[in-house]
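Here's the structure we're looking at; comments come further down.
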Amino acid sequence: MKKLILIFLLTSHYCFSQKNIYPINTGESCSYQIYYGFINAGHAIYSVTKKNEEISVIVQGRSNSVVDLFFKIRDRYESKINTKSLLPSYFKRNILEGGDKINQEYFFNHKNNTVKTQKGEYKINEKSQDMLSSFLYGRTFTSSFLKRKSPFFINIFINEEEYNMEVKYVGTEVLNTNIGKVRCIKLKPKVQVGRVFSNPDDLNIWVSDDKNHILIKVEMDILVGSIKADIEIAKNIKFPLSITD
């Protein structure tokens, strides 16, 4: 499940000159059905709350009872973000996948461009994001920006290092989903080849082609199969969704 959550990384440090505003309501949430190949493997859900000048976003993923029998998954991610700077102050990641556990906490200091973790203090680039804050910041982009021919780049601090990911616009598609036929923007982030992926083009994501840019679908080929996520429920969405029927 942690491989799937990594797709919530749509941001670019080149765009902070824009007047970006989060297109969300407090209480917004979306849930997704997760498939491993043709197997119904589990669910993921995210929720957003906003209080004063801070946004909290939580993403949770878990395997279903059948998958639990041979590979139990319980993942939780949390980020706290300033609504004015659009930068994270805190990030937490707790993962249980089979016999593997990961527990991380990051404390960001953007005045000094540093982040403290359990492993020490690290210098970061100006206006760096974590994996969840980058997803929310990416949603502030206009559709015209996401559809531009030139790729944009994701600057994110993850696993005690920074990674600048290239994201390309692929096209516009209408997807038949559980919430209706949704017009989507298809994007292809370039991933790192190694532990998870065998090809840098093994990940595709679809976001709604409207002011919300909520995540609609994910497809990824990994070293040991393929994973897909389809939206099931969308609640408290701020703007009308690009539903065509």
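The values are calculated or read from the model by the stated rules, or taken from the named source; none is laboratory data. Computed from a prediction, not measured in an experiment: that's the story for all the values here. With ideal geometry, Cβ positions are generated from the backbone for all residues, glycine too; neighbour counts draw on all protein chains shown. To get the accessible areas, we keep the full protein, side chains included, count just its heavy atoms, and leave off ligands, DNA and RNA. Shrake-Rupley method; radii C 1.70, N 1.55, O 1.52, S 1.80 Å.
Amide H contacts of residue 54 (H built 1.01 Å from N, in plane; Pro and chain starts excluded): 83 sit under 5 Å, all sequence-distant by 5 or more or on other chains.
May I ask you to give the percent of accessible area on the chain that is carbon plus sulfur, with a probe radius of 1.4 Å? Here carbon and sulfur together make up 51 percent of the probe-accessible area. Using the alpha carbons alone, the radius of gyration of region 103-236 stands to its Kirkwood radius in an Rg to Rh ratio of 0.99.
How many percent of Cα pairs in region 34-118 exceed 21 Å? I get 43 percent for the Cα pairs in region 34-118 exceeding 21 Å. Grab the DSSP H runs of the chain that are 4 residues or longer, score each as -39,500 (n - 2.57), total them, divide by all residues and round the 222 nm result to the nearest 500 deg cm²/dmol. Estimated from H runs of four or more residues: -1500 deg cm²/dmol. Charged side chains reduced to their Cβ positions (Lys and Arg at +1, Asp and Glu at -1) give the chain a dipole of some 500 debye around its Cα centre. Applying the criteria of a DSSP loop state and at most 15 other Cβ atoms within 10 Å to the GluC sites (Glu not before Pro) of region 146-245 yields 160. Between residue 114 and residue 82, the modelled label-to-label distance comes to 1.7 nm, taking each label 7 Å out from Cα in the direction of the beta carbon.
Rolling a 1.4 Å probe over the heavy atoms of the protein chains gives the chain an accessible area of 48 Å² per residue.
Semi-axes of the equivalent ellipsoid of region 81-178 are 27, 19, 13 Å, computed as sqrt(5λ) over the eigenvalues of the C-alpha gyration tensor in descending order. Per-residue accessible area (protein heavy atoms, 1.4 Å probe) orders 140, 172 as 172, 140, starting from the largest. When both region 95-172 and region 27-84 are represented by their alpha-carbon centers, they are found 17 Å apart. Rolling a 1.4 Å probe over the protein heavy atoms leaves residue 110 with an accessible area of roughly 50 Å².
Distance check, please: which entries in 116/168; 50/211; 80/116; 101/186; 181/211 exceed 21 angstrom between their Cα atoms? Cα-Cα > 21 Å for 116/168; 101/186; rest within. This structure gives Kirkwood radius over Cα pairs in Å, computed directly, and of [x] 18.3; [y] 20.6; [z] 18.8 that value is listed as [x].
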